[in-house]
Every structure is written in structure tokens, then in C-alpha cells.
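The values are calculated or read from the model by the stated rules, or taken from the named source; none is laboratory data. The model shown is predicted, which means the values in this text are computed figures rather than measured ones. Positions of Cβ are generated from backbone atoms using ideal geometry, with glycine treated the same way; all protein chains shown enter the neighbour counts. Surface accessibility is based on the protein's heavy atoms, side chains included, excluding ligands, DNA and RNA. Shrake-Rupley method; radii C 1.70, N 1.55, O 1.52, S 1.80 Å.
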Amino acid sequence: MSIKENLALVQSTIPSTIKLIAVSKMKPTTLIQEAYDAGHRAFGENKVQELREKTPILPEDIEWHMIGHLQSNKVKYIAPYVYMIHAVESFKLLKEINKRAKNNDRVIKVLLQIHIAKEESKFGFNADEVKTLLASPEFKELENIEVSGLMGMATNTSDKDVIRREFKELKNLFDELQNEFFDSKTFTELSMGMSSDYQIAIEEGSTMLRIGTAIFGLRACAL
Ligand SMILES: *Cc1c(COP(=O)(O)O)cnc(C)c1O
């Protein structure tokens, strides 16, 4: 099937209120252009280097989502244009994004990554850490970031109950933080769900799906 057909098929299984981010990591720009020509605009990448190679040769109105682990020293490269940074997991990174956003005279939308999986390898804050962060005066000084919501990745397992439980946990924390620290106009996004688990994510309250394989096909290998 073509990229256009894959996109239409995935889109047909998603409520129109939910945002689909087409994860194009490790895929050539020709395929991204194909999705663009089919009308898609939101794309996700997980490496700064790849973004730096791809963005100059693709249309300027693409909405780029940085979804992967991000090192502070690389924020400067994407700060001029990145639409949203999904995987913010330290105050240090948040401060650096704020600084680089300010240099570029903009406000960058970020999501705080929460560690919900049972795997040690995944990044993110736990519930207590994120509450401490949001309550701190240092956090309130950051004027060039907008915390738009939370992001999480479930355990890589075929056990649907485990995945559902983790997504539920993330949604509960999202609701709690929205009540306690934000108004419901800016803290609105819950980025959870990938090709293998997005139907469960939708049922548990996701607002943004990050889907690669179901649109672009399998990646050669996980770098
Ligand atoms: C690769 C990746 C995805 C997409 O995964 P698929 O299984 O290909 O849909 C989603 N989120 C993050 C953070 C990723 O790195």
C-alpha cells in the first residue's frame, strides 16, 4: 500500500479530535514528501541530526515534533523551528529550551515525559518529581516555554492489561496536574500511543498519537 493509503487507513481508525503525528525517523524525505502531498503536516523525529538533514529539503510549513530523548547541547539546533518537544525529562533541559526559545524570540511548546513503563531503559519524571518541579519558583520563571501536557511510553509488551494500566496512570496524573497547576486552556495534550498500542491509548484518553510503522512500514533496524 502507498503512504497515502496507509495514512488514510490509520486516520480512519482515529477520532477527528485526536492529533496524528507521523513518525518519520529513519525514513527518507521522499516518503515524508509523499505524506505531505497527501495533506499531512505533523511529523515526528527522534534525532536532532536527522532533523537537521531533513528539514532544509522539505516544505517549511511542516509541523516538526521532536519526540525522542534530547540532549541539552543540541536544543539550539532545533529551537528556531521545532513545533513541540515531547520528551522533556529534566529541569536542566527545560531551562535550556527556555533559553534557546528566548534567543529565537519564541515560546516553545513542551510535554513533560513521565516514566510509566516497567522498563528501566525508558526516560521520564515520576509523579512526585513532576509535582515538585511544577511547584518550584524556578519553574515559574521560565517564560519562553509552554508546558502543553504530558508524554509517556508504555512497556513494550503484548500484555494489553499492563499497557492499559500504564496509560490510565498517565491520564490520572494528567488530570491531577491540570487541576492543581494549570488551566485547561494550555495544558491540554496527552501524547501516548504508538503503532502497536494506539487503540488502547485512544480509549484511555490520548490526544496525540505518535505513529511510525503503521504509516511508513517497518524500519530497517532500531539504531
Ligand atoms: C519510534 C517512536 C514512535 C513510533 O513507533 P512505531 O511503533 O513505529 O509507531 C513513537 N514514539 C517514540 C518516542 C518513538 O521513538
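Every condition in (1) assigned to a loop (DSSP other than H, G, I, E, B); (2) touching a Ser or Thr at 6+ places or on another chain (Cβ under 6 Å); (3) at pLDDT 95 or above holds for residue 118 except the one numbered (3). Within segment 177-223, if we keep just the residues that are touching a residue at least 24 places away in the same chain (Cβ under 8 Å) and charged (D, E, K, R), the residue that is nearest to residue 46 (Cα to Cα) turns out to be 210.
Take the conditions at pLDDT 95 or above, of a type in the set (Asp, Glu) and farther than 22 Å from residue 95 by Cβ and apply them to residue 183. Does it pass? Against the criterion (at pLDDT 95 or above, of a type in the set (Asp, Glu) and farther than 22 Å from residue 95 by Cβ), residue 183 does not qualify.
Filtering segment 110-122 for residues that are under 18 Å from residue 184 (Cα atoms), out of contact with any helix residue (DSSP H, G or I) (no Cβ under 8 Å at 6 or more places or on another chain) and basic (Lys, Arg) leaves an empty set. Residue 126 meets the conditions (1) open to solvent by 20 Å² or more (accessible area, probe 1.4 Å); (2) more than 18 Å from the chain's Cα centre (by Cα) in every case but one. The failed one is (2).
Would segment 139-154 turn up any residue that is among the hydroxyl-bearing types (Ser, Thr, Tyr) and open to solvent by 50 Å² or more (accessible area, probe 1.4 Å)? Within segment 139-154, none of the residues are among the hydroxyl-bearing types (Ser, Thr, Tyr) and open to solvent by 50 Å² or more (accessible area, probe 1.4 Å). Count of segment 110-166 residues, restricted to those that are more than 23 Å from residue 203 (Cα to Cα), within 15 Å of the ligand (Cβ to nearest atom) and without any contact (Cβ under 8 Å) to a residue 24 or more places away in the chain, is 1.
So, of the residues in segment 176-223 that are open to solvent by less than 40 Å² (accessible area, probe 1.4 Å) and of a type in the set (Phe, Trp, Tyr), which turns out to be farthest from the ligand (Cβ to nearest atom)? The qualifying residue farthest from the ligand (Cβ to nearest atom) is 187. Of all the residues in segment 2-21, those that are more than 20 Å from the chain's Cα centre (by Cα) and within 16 Å of residue 32 (Cα to Cα) number 6.
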